[in-house]
Amino acid sequence: SQQGEEDPQALSIQEGENATMNCSYKTSINNLQWYRQNSGRGLVHLILIRSNEREKHSGRLRVTLDTSKKSSSLLITASRAADTASYFCATERVRGGKLIFGQGTELSVKP
Amino acid sequence: GAVVSQHPSWVICKSGTSVKIECRSLDFQATTMFWYRQFPKQSLMLMATSNEGSKATYEQGVEKDKFLINHASLTLSTLTVTSAHPEDSSFYICSALHQGSYNEKLFFGSGTQLSVL
């Protein structure tokens, strides 16, 4: 069953702008992860944030986690056309690798 | 780094035939693998957890007799879509769990696009 919901479902921005995607989930979690998927292809792991962490950075990515609200956000700063892809959050409720994915946000960055 | 190989990357088959998809961990042993299905413009839906040497654990609503999972070795899990029908056309993707001494990490295959005519 789907755990997470993401919004927006689709986001279109200009190159150089920031993109923010939100994810909500329903149960307690061990960690939350963000993935990127180019059209029709495999997944690329972007970042993992543990339940005891509130914020994490990786390059142009910034992820926040609010366990009280059961929500997370992914911020991509200074977006590039190459960032165009679908982005999914995924929660791991307990350690063991079982991920439940959110609905995803389709990001389009126009040059 | 650790790599998971999924084969084939795409397959077209006739309705009523069976299709086998392989998921291999190339440089690590994976006692646990996962199979997901993704319809166009939708998210990944977990189908089942594949356990080496034991039966797979299927998610609610997934027909175990239709989607046969075999995890006969520590580096290979297979998903067989039996008597495939057009509604089974989808993108199937596997992941393998690498359990290290201090942490664990998940690696995804590149997916298999199945088209049933």
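The values are calculated or read from the model by the stated rules, or taken from the named source; none is laboratory data. Values in this document were obtained by computation on a predicted structure and should not be read as measured data. So basically every Cβ, Gly included, is an ideal-geometry build from the backbone, and we count neighbours across all protein chains shown. Heads up: the accessible areas ignore ligands, DNA and RNA and are worked out on the full protein's heavy atoms, side chains in. Shrake-Rupley method; radii C 1.70, N 1.55, O 1.52, S 1.80 Å.
Under conditions of 4 °C and 1.567 mPa s, the range A:61-100 yields 106 µm² s⁻¹ as its translational diffusion coefficient, taking Rh as the Kirkwood radius over Cα pairs in the Stokes-Einstein equation. Shielding of peptide A:31-41 by partners, expressed as the average count of other chain Cβ atoms within 10 Å per residue Cβ, is 2. Pairs over the 23 Å Cα-Cα cut-off, from the set A:K98/B:K14; B:K14/B:K64; A:K26/A:K98; A:K70/B:K55: A:K98/B:K14; A:K70/B:K55.
The mean number of Cβ atoms from other chains found within 10 Å of a Cβ in peptide B:95-105 is 2, as a whole number.
In whole percents, the pair-distance distribution calculated for chain A from its alpha-carbon pairs, binned every 5 Å from zero, is 2, 13, 25, 26, 19, 9, 4, 1, 0. Across the range B:66-112 the C-alpha pair distances fall into 5 Å bins from zero in the proportions 5, 15, 22, 23, 16, 10, 5, 3, 1 percent.
Based on the Stokes-Einstein relation at 37 °C and a viscosity of 0.692 mPa s, and on the Kirkwood radius from alpha carbon pairs, chain B is assigned a translational diffusion coefficient of 231 µm²/s.
Contact order, relative form, for chain B: 36 percent (alpha carbon pairs under 8 Å, 6 or more residues apart, mean separation divided by residue count).
Only Cα sites of the range B:21-74 enter the Debye sum here, all with the same form factor; the resulting log10 I(q)/I(0) across q = 0.14, 0.16, 0.17, 0.31 1/Å is -0.39, -0.50, -0.56, -1.30, listed in q order. Hey, how many Å between the Cα centroid of the range A:37-96 and the Cα centroid of the range B:15-61? For the range A:37-96 versus the range B:15-61, the Cα centre distance is 23 Å. Apply the a/c threshold of 1.5 to the C-alpha gyration tensor of the protein assembly as shown and tell me whether it is rounded, prolate or oblate. Because a/c hits 1.5 or more and a/b exceeds b/c, the protein assembly as shown counts as prolate. Comparing A:G42, A:N52, A:S24 along the charge dipole axis of the range A:1-73, the residue lying farthest to the positive side is A:N52, per the Cβ-charge model. Computed with every protein chain present, the accessible area of A:D7 is close to 80 Å² [probe 1.4 Å].
Isolated cysteines of the protein assembly as shown, defined as having no other cysteine beta carbon under 4.7 Å away, are B:C13.
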